[in-house]
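To keep things clear, I will list the structure first and then write my remarks on it.
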Amino acid sequence: MHSVEQNIEPPSTTLRLLIAAAKEKTERQDLLDSLICREEVGCALTSRGYSVVDLDVAPHDLDNPSSLFLRVANFQDVCVFNLFEGFGSQPCQEADFCELLEKKGIPFTGNPSHALRLCLDKWALKLRLRQEGISVPWGICITSSYSSISMGEKKWPFPLFIKPSREDGSVGIDETSLVQNYEELQEQFQKKLPQFPDGLLVEEFLGGSEYSIAFLGNDPYEVVGVSTLDYDRYPALTPFLTYKAKWDKESPDWRLCPEDLELPAAQKELIIGTGAKAAAIAGCKGYFRVDLREKDGHFYVIDVNPNPALTRDSGFARQYTKGGRSYEDLICHIVNLALKDHIKEAKS
Ligand SMILES: Nc1ncnc2c1ncn2[C@@H]1O[C@H](COP(=O)(O)OP(=O)(O)O)[C@@H](O)[C@H]1O
Ligand SMILES: [Mg+2]
């Protein structure tokens, strides 16, 4: 695995950082988190001499982007620090927003639109990874057109895991996502399909440890850290990351805590190599995480997350700052990656 040299350049005097985030009324903690993040990123950039402006993205901005671009055109030399993750009901709009920026030739941090779009379509990503020889768990995608007859005829390899095919942040994942038999499976389809009409992914349940690799860079990637969640250490808790485990401090599952464990060298190399290959196939750039789980000694990619949390208390920031670098270094590093990639793309 290559390591990318840290290269943090001082900001140009004319450059404005527009920090984009969704403007919508919401109580959802995963969405509110991006506003907290905007505050923290803004402070970090300001402390390093960047000139920072908030860029609110409202639903009408994507239908009619001219007013959005008028706001952007107020500044000559801009880079968007992109914390826009779509709207609650339509997460895929995160990719639409980046596509607009790409068409206008505006540099922005994080992943390009095609990577965001692919990673948010868990079924398409899974097929793509499998095609390229990456281990993914057995699974199928169920939509409302899937008939109960074909369901009944299938030999289902229980236990199974059900998750929305086009969500992230563990939205739609709760204690009932793990099903042991056909009756439970049918009951969950009936309950969850109306909530997630884009489809449900049914996968073989991988009961072993979960690994999450944080990456930084535009391929070659720097490995920021590998965290391990060993569910055997929490026999009383849910053996997977529900929405509550990620976002509800009052939930018992909040105690599930990924750790930076020392892994056997060969295993670590395999996990990192698989994660980096999956990210490169997905076209990831900037900063992102790849999740794997283990079953019977095999490691499978379950998710590529192109929008990991970037708050000061996030796992990403914690891992980056472990070796002595600061949160401000991380945020500036992400901006420099975006600017370098923009120059490279413009030349090619
Ligand atoms: N096939 C699976 N087997 C076991 N656990 C799974 C599986 N797929 C997902 N999970 C659990 O559900 C969590 C969320 O699923 P993931 O695919 O990572 O979606 P998200 O984009 O919401 O993070 C994972 O962190 C993991 O704990
Ligand atoms: Mg995940």
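What to note about this one:
- Taking only protein heavy atoms and a 1.4 Å probe, the accessible area of the chain is 51% carbon and sulfur.
- Ordering Gln93, Asn111, Gly133 by the projection of their Cα atoms onto the charge dipole of segment 1-141, which places +1 on the Cβ of Lys and Arg and -1 on the Cβ of Asp and Glu, puts Gly133 at the extreme positive end.
- Taking the Cα centre of segment 208-264 as origin and assigning +1 to Lys and Arg Cβ atoms and -1 to Asp and Glu Cβ atoms, the resulting dipole is close to 280 debye.
- Computed from Cα positions, the angle between helix 265-282 and the longest principal axis of the chain comes to roughly 70 degrees.
- Cβ-placed point charges (K, R +1; D, E -1), dipole of the chain about Cα centre in debye, nearest 20: 580
- For segment 112-306, size of Cβ-based charge dipole, Lys and Arg +1, Asp and Glu -1, in debye: 540
- Solvent exposure of the chain, expressed per residue, is 47 Å² of accessible area, with all protein chains present and a 1.4 angstrom probe.
- DSSP beta bridges in the chain [antiparallel fraction, %, rounded to 5]: 75
- Considering only Ile19, Phe205, Pro308, and ranking their Cα positions along the charge dipole of the chain that arises from unit charges at the beta-carbon of Lys, Arg, Asp and Glu, the one farthest toward the positive end is Ile19.
- The C-alpha atoms of the chain define a longest principal axis, and helix 327-347 lies at about 80 degrees to it.
- For the chain, Kirkwood radius (reciprocal of mean inverse C-alpha pair distance, Å): 21.1
- For the chain, a Gaussian network of Cα nodes joined below 10 Å ranks Ala282, Ala266, Ala21 by mean-square fluctuation, and the top entry is Ala266.
- In the chain, the sites counted are GluC sites (Glu not before Pro) in DSSP loop states with at most 16 other Cβ atoms within 10 Å, and the longest stretch holding none of them, exclusive of the sites, is 133-249.
- Cβ-based charge dipole, segment 153-261, positive-most Cα from Ser170, Pro235, Leu256: Ser170
The values are calculated or read from the model by the stated rules, or taken from the named source; none is laboratory data. Since the structure is predicted, the reported quantities are computational estimates derived from the model, not experimental observations. Because the Cβ atoms are built from the backbone with ideal geometry, glycine has one as well, and the counts that use them run over all protein chains shown. The accessibility values were calculated without ligands, DNA or RNA, using every heavy atom of the protein model including side chains. Shrake-Rupley method; radii C 1.70, N 1.55, O 1.52, S 1.80 Å.
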